[in-house]
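Asks: Would you mind keeping the following structure in view while I ask a few things?
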Amino acid sequence: MLAKNLGAAGLVSLPLVTPTVATLLYVASYAGTVTTLNLTLSSGYNSSASLEAISTSTGCASSPSWLTLDTSNSILYCTDEGLSTPLGSLSSFQTSEDGTLVQLDQISVISGPVSAVIYGEDGDGLALAHYSGSSFSTFSIADPSALQAVQNQTFEMAEPGPNASRQDAPHPHEAILDPTGEYILVPDLGADLVRIFQVDEDSLTWTAIEPLVAAPGSGPRHATFLVTEDTTYMYLISELANTITGYEVEYESDSSLAFTELFAINTHGEGASVPNGTTAAEITLSPDEKFLIVSSRGENSFSIPNFDPSNSTEIVSDALISFSVDHSSGNLTLVQEYPAGGRIPRQFSINEAGNLIAVGLQSDGRVVLIDRDVKSGLLKRFIANALVEGEVTTVIFDE
């Protein structure tokens, strides 16, 4: 049963205040493509917004899973998960103002890369989390045309975790930097750990240090950091338990990290219920760091008007859930539950201004743009959408 309904008004009004401007977005899909979308926004309540594909590349091989943009150097990195091949791959592309991508290099990597982050003092390293390959690996991107492996580690477990079907082996799911850039953190869904690697300040090499132990069976997936005047916080979203756990982070004198758990709430807020079959996905802070937004898959909790005005069949949608962040305590307060625009919002991105959210809907093969009020944190309406062949895995802005 669909729990909520969004009226047709949620699809039409376009109170955009920016002058006509075009923005590029890059979309990865399991169809084997990286697609460049052109978003055109026009000012005025009665103006239109369009989202159109202007370029497609098949250079990232068969299973593109994650995109990382080096804006300053106009380089796009794509990981191929290798769902139908023994190995995955890492590709680099030169971007351009017209949206075309020119492939610079491609190298084979351990299977299952699902996330990547740029690291190193000069931004010369790229760290990958390998889900099916149970590994963490790093590469030199000093020359994007000559990618080079730096270091890797493959993990093992003595026995399956509490959720044996999903925790049969270590499954690193994301690679992220801490706020200092001195540590790379890797939530491991299979091992119920957040693995931590200290980066050598004079090179791209790293050393594994004591991991953060998460709740048994929780399945850590992604995380994000908040730095206030007095405190560093980390928010960890766990896919299997559908929880958000808040931690206070302290930097120890022995170059280690200490975590104090502050709270653990489910993805719909403290005391709320989570629909059966739900799996938590993405977590990110708004650019002003006043709001935290997460995506929740498999809920089928909204019914929204079809994006095709000639089709009266409503769309079943999962949820995006927004919280306000108390900088003095790190606590989260539920602000809103809003339709993601379709099924399985695996990943989403927020633009630099914080007024647009791009959502990649894996099961629907669709990207939607949602208008967001920066001050209140409320998502207001869908302003554009585009169908993309295959299962959408990532969508990011090029700004």
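The values are calculated or read from the model by the stated rules, or taken from the named source; none is laboratory data. Here the structure is a predicted model, which means the values were calculated and not measured. Note: ideal-geometry Cβ built from the backbone for every residue, glycine included; neighbour counts use all protein chains shown. Note: areas computed on protein heavy atoms with side chains; ligands, DNA, RNA excluded. Shrake-Rupley method; radii C 1.70, N 1.55, O 1.52, S 1.80 Å.
Asks: From the phi angles alone, apply the Karplus equation (6.51, -1.76, 1.60; θ = phi - 60°) to the range 29-37 and give each ³J(HN,Hα) in whole Hz, x where the residue is Gly or Pro.
Replies: 9, 5, 6, x, 10, 10, 10, 9, 9
Asks: Let me ask something else about it. With the full set of protein chains in place, find how many percent of the accessible area of the range 22-397 is carbon and sulfur; take the probe as 1.4 Å.
Replies: About 44 percent, which is the carbon plus sulfur part of the accessible surface.
Asks: A further question on this structure: Using the beta-carbon distance between residue 42 and residue 108 and R0 = 56 Å, what value does 1/(1 + (r/R0)^6) give for FRET efficiency, to the nearest 0.05?
Replies: Computed FRET efficiency for residue 42 and residue 108 comes out at 0.80.
Asks: How big is the charge dipole of the range 195-241 about its Cα centre, in debye rounded to the nearest 20, if each Lys and Arg gets +1 on its Cβ and each Asp and Glu gets -1 on its Cβ?
Replies: Dipole size: approximately 360 debye.
Asks: Taking only C-alpha pairs under 8 Å that are 6+ residues apart, what is the relative contact order of the range 22-397 in percent?
Replies: 11
Asks: Accessible area per residue of the chain at 1.4 Å probe, in Å²?
Replies: On a per-residue basis, the chain sits at 40 Å².
Asks: Starting from the amide H of residue 384, placed 1.01 Å from N in the peptide plane, find each other amide H under 5 Å away whose residue is 5 or more places distant or on another chain.
Replies: Those qualifying (amide H under 5 Å, at least 5 residues apart or on another chain) are 369.
Asks: In terms of modelled amide H atoms, which long-range or inter-chain residues lie less than 5 Å from the amide H of residue 282?
Replies: Residues meeting the criterion, in which the H sits 1.01 Å from N, are 295.
Asks: Taking the Cα centre of the chain as origin and charging only Cβ (+1 Lys, Arg; -1 Asp, Glu), how large is the dipole, in debye to the nearest 20?
Replies: 1700
Asks: Using 7 Å Cα-to-Cβ label points, what is the residue 250/residue 389 separation (nm, one decimal)?
Replies: Placing both labels 7 Å along Cα→Cβ, they lie 5.5 nm apart.
Asks: How far is the Cα center of the range 332-357 from the Cα center of the range 215-287, in Å?
Replies: The two parts, judged by their Cα centres, are 17 Å apart.
Asks: Each label point is 7 Å from the Cα along the Cα-to-Cβ direction; what then is the distance between the points at residue 100 and residue 168, in nm?
Replies: 4.4
Asks: Right, next: Of the residues 231, 245, 79, which exhibits the maximal mean-square fluctuation in a Gaussian network model of the chain defined by a 10 Å Cα contact cut-off?
Replies: Result for the chain, Cα springs under 10 Å: 231 fluctuates most.
Asks: Once the piece of chain linking residue 308 and residue 205 is laid out straight, how much longer is it, given 0.36 nm per residue of separation minus the C-alpha distance between them?
Replies: Computed gain between residue 308 and residue 205 is 32.0 nm.
Asks: Same structure again: Residue-wise, which Karplus ³J(HN,Hα) couplings in Hz belong to the range 382-393, taking 6.51 cos²θ - 1.76 cosθ + 1.60, θ = phi - 60°, and x for glycine or proline?
Replies: Values per residue, Gly and Pro as x: 7, 10, 6, 7, 8, 7, 10, 4, x, 8, 6, 10 Hz.
Asks: Report the full-extension gain for the segment residue 327 to residue 142: residue separation times 0.36 nm, less the Cα-Cα distance, to one decimal in nm.
Replies: 62.9 nm is the gain from fully extending residue 327 to residue 142.
Asks: Then there's this: Once a ≥ b ≥ c are taken as the square roots of the eigenvalues of the Cα gyration tensor of the range 156-236, is the result rounded (a/c under 1.5), prolate (a/b larger than b/c) or oblate (a/b not larger than b/c)?
Replies: Cα axes put the range 156-236 in the oblate bin.
Asks: Enumerate the amide H contacts of residue 262 below 5 Å, restricted to partners 5 or more residues apart or on another chain; note that Pro and chain-start residues carry no placed amide H.
Replies: Those qualifying (amide H under 5 Å, at least 5 residues apart or on another chain) are 246, 247, 248.
Asks: Also: Hey, what do the phi angles of the range 154-165 turn into as Karplus ³J(HN,Hα) couplings, whole Hz, using 6.51/-1.76/1.60 and θ = phi - 60°, x for Gly and Pro?
Replies: Those phi angles translate into 10, 9, 9, 10, 5, 7, x, x, x, 9, 4, 6 Hz.
Asks: Measure of size requested: the Rg and Dmax of the chain, with Cα atoms as the atom set and Å as the unit; please supply both.
Replies: That works out to 20.2, 64 Å for Rg and Dmax.
Asks: Additional query: Between the range 109-129 and the range 309-323, what's the alpha-carbon centroid distance in Å?
Replies: Each part's Cα centre sits 34 Å from the other's.
Asks: Measure off 7 Å from each Cα along the Cα-to-Cβ vector at residue 231 and residue 213, then give the distance between these two points in nanometres to one decimal.
Replies: Placing both labels 7 Å along Cα→Cβ, they lie 2.4 nm apart.
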